[in-house]
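Please treat every number below as a calculation from the coordinates, not as lab data. Everything numeric here is computed off the predicted structure, so don't read it as measured data. Note that each Cβ is placed from the backbone with ideal geometry, even for glycine, and that neighbours are counted across all protein chains shown.
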Amino acid sequence: MKRNEFMKTCAGVCGCGVLGLMAPLSASAENAGGQATTAPDENSELKRRLDGAQERFAKLLSIMGDDVDPAVRLKILQSLGRECSQDYGPFFSKYRGDLKGFLAKIQTAWVERAELDEQAGLLRVIGKPAPCACPLVKTGRTTAEFCDCSRGWTQSAFSTVLGKPVTVEIEETVLRGGTRCSFRITFKG
């Protein structure tokens, strides 16, 4: 399969799955107070649809593993992570040039600790023990290769905060058998 054919297929499959999940969510926000309400039947339907989307996504990754060159898969998954990180662009930009402030903030949420060696241009970010944060991941079905998406997300986040390119290595992830997701980030000057 050629890359442009794959991207068209992926965009159609992923786009339909995401749009299918979003429609019931928007319909549930109809009460007078503006707060989303979801009846028990709707919760069951949403769970069923999410499970279906997670299963399809796991199958898509499996197909990619069989039919797409490893270097191209890596590029696609890291690009997906960078694209997903754009949703947090304003948050990252708020901390541009303030790495220590950013690290302090993320340690209140998903990071257990950060080890910074500014002279060596090295940062280790050790996540809190938790399941995978991606809503598309289906435990036991999603391939560990999908963690390259998180690598792309982390690269985008820290490149924005530091204002320069970074290199990200995965140290540990939940999908690869760990209890948390942790990364080694290298930056120059």
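Here are some notes:
- Sparsely packed loop sites in the range 72-135 (the GluC sites (Glu not before Pro) outside DSSP H, G, I, E and B with at most 14 other Cβ atoms within 10 Å) comprise Glu118.
- Note, ³J(HN,Hα) from phi for the range 181-186, Karplus 6.51, -1.76, 1.60, rounded to Hz, x at Gly and Pro: 10, 9, 9, 10, 10, 10
- Residue-wise HN-Hα coupling along the range 42-48, computed from phi with Karplus coefficients 6.51, -1.76, 1.60 (Hz; x: Gly, Pro): 5, 4, 4, 5, 4, 5, 4
- Amide H contacts of Glu112 (H built 1.01 Å from N, in plane; Pro and chain starts excluded): Ile126, Gly127, Lys128 sit under 5 Å, all sequence-distant by 5 or more or on other chains.
- Per-residue extension of 0.36 nm, minus the Cα-Cα distance of Lys128 and Arg176, leaves a gain of 15.7 nm for this segment.
- The amide H of Arg176, built 1.01 Å from its N in the peptide plane, has no neighbour under 5 Å, considering only residues 5 or more places off or on other chains.
- Inter-probe distance in nm under a simple model that places probes 7 Å from Cα toward Cβ, at Cys84 and Thr186: 2.5 nm
- For the range 70-189, the relative contact order comes to 33 percent (Cα pairs under 8 Å, sequence separation of at least 6).
- The stretch between Asp51 and Glu169 holds 39.5 nm of extra length on full extension. This uses 0.36 nm per residue minus the Cα-Cα distance.
- Taking the centroid of alpha carbons for each part, the range 37-63 and the range 85-159 are 26 Å apart.
- Taken about its Cα centre, the range 34-189 carries a charge dipole of about 300 debye when Lys and Arg each add +1 at the Cβ and Asp and Glu each add -1 at the Cβ.
- Rounded if a/c under 1.5, otherwise prolate or oblate - the range 32-189, Cα gyration tensor axes: oblate
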